[in-house]
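Structure first, commentary second.
Just so it is clear, none of the values below were taken in a lab; they were calculated from the coordinates. The model shown is predicted, which means the values in this text are computed figures rather than measured ones. Neighbour counts run over all protein chains shown; Cβ positions are idealised from the backbone, glycine included.
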Amino acid sequence: AVRPPKRRQPKKPNELPHPNKLPGIFDDSHGSRGRQLCRRHELYVSFQDLGWLDWVIAPQGYSAYYCDGECSFPLDSCMNATNHAILQSLVHLMKPDTVPKACCAPTKLSATSVLYYDSSNNVILRKHRNMVVKACGCH
Amino acid sequence: GGPGPRPPPSCPQRLLGARERRDMQREILAVLGLPGRPRPRAPPAAARLPASAPLFMLDLYHAMAGDDDEDAGPLERRLGRADLVMSFVNMVERDRALDHQEPHWKEFHFDLTQIPAGEAVTAAEFRIYKEPSIHLLNMTLHVSMFEVVQEHSNRESDLFFLDLQTLRAGDEGWLVLDVTAASDRWLLNRNKDLGLRLCVETEDGHSVDPGLAGLLGRQAPRSRQPFMVTFFRASPSPTRVPR
């Protein structure tokens, strides 16, 4: 007998998670299953802390948001990992006590510009896209 | 890998050793698009005075940082398309000055090896400061810029016309000459320096020494020395997965 055609699952669009589908940050801080919902914090990446101010002219660093806690939209649900997520993961490895791992798929990203000297004293201005997380999937 | 739940606080967080920290910094530099940690030659104390290129680039940085404003001028629009702006300050200047017969000109040679590979040039400009000329009062001057394509020992060099600006002998300020057309050849001859030749003529076609016209070269104060600025559009960097 001809098997009924297999119902194909509609292909899940690889879209960034929509912030409204999740328990917002104003819900109780313990979600339905008693887990610690992740909360949003500001992370300042300081070029001063990295010891780079002898060649970086501006800025002194930049601040972005990060999530801390068990989040509903982990980073790996979103194919294009942001530069900031990679940077945060690396800073986490250097300062595990102060900076948590990157955990959340961002929904709003902006660029940051860095002005610096190269080894031949030329001055270079470089714009880094998707470096600063302005909003993330959990909130 | 993915961000599983954080290890319980009891789990000892191992801090990194010096070599691992250096590896991490190299990783962060790679995210910032840098091959390695630049080590600019520390300028001698006298050279710490503000120089023309960093001053100009700092203005660009503020313009780029605030690039949302609608009334963007030509420079801001040029900036909006650029991912990378590079100012070149290391140049060799050659003067065919007064003691030679006409025509007079100034040549500036830039080291092209510092131009990053894989970037598309969207615009390039040569900036030179002009003071009011005390020798050519109230004259109109034509300033032309050429690329020195090929030099010959026994005859005049092959030149490629780039830009022409007309100004008054009494004018003062930064003169900006568009050298974007020269960038087509850069990628072909990266190992050769880029030679730019500057000529000044009066209305009746007489060649004038650029120094007499008030154009400042390498001898000028640091904040008024000539330099070149190049705007690049980066090729889309491949997405990276966090390790």
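Here is the link list: A:LYS101/A:LYS134; A:LYS127/B:LYS106; A:LYS101/A:LYS127. Which ones come out longer than 26 Å on Cα distance?
Details: A:LYS101/A:LYS134 17 Å; A:LYS127/B:LYS106 34 Å; A:LYS101/A:LYS127 24 Å.
Going by Cα-Cα distance, A:LYS127/B:LYS106 fall outside the 26 Å limit.
What's the FRET efficiency of B:PHE161 with B:ASN90 using the Cβ-Cβ distance as r and R₀ = 35 Å, to the nearest 0.05?
0.90
Using a Förster distance of 56 angstrom, determine the FRET efficiency expected from the C-beta separation of B:THR140 and A:GLN60, and round it to 0.05.
0.75
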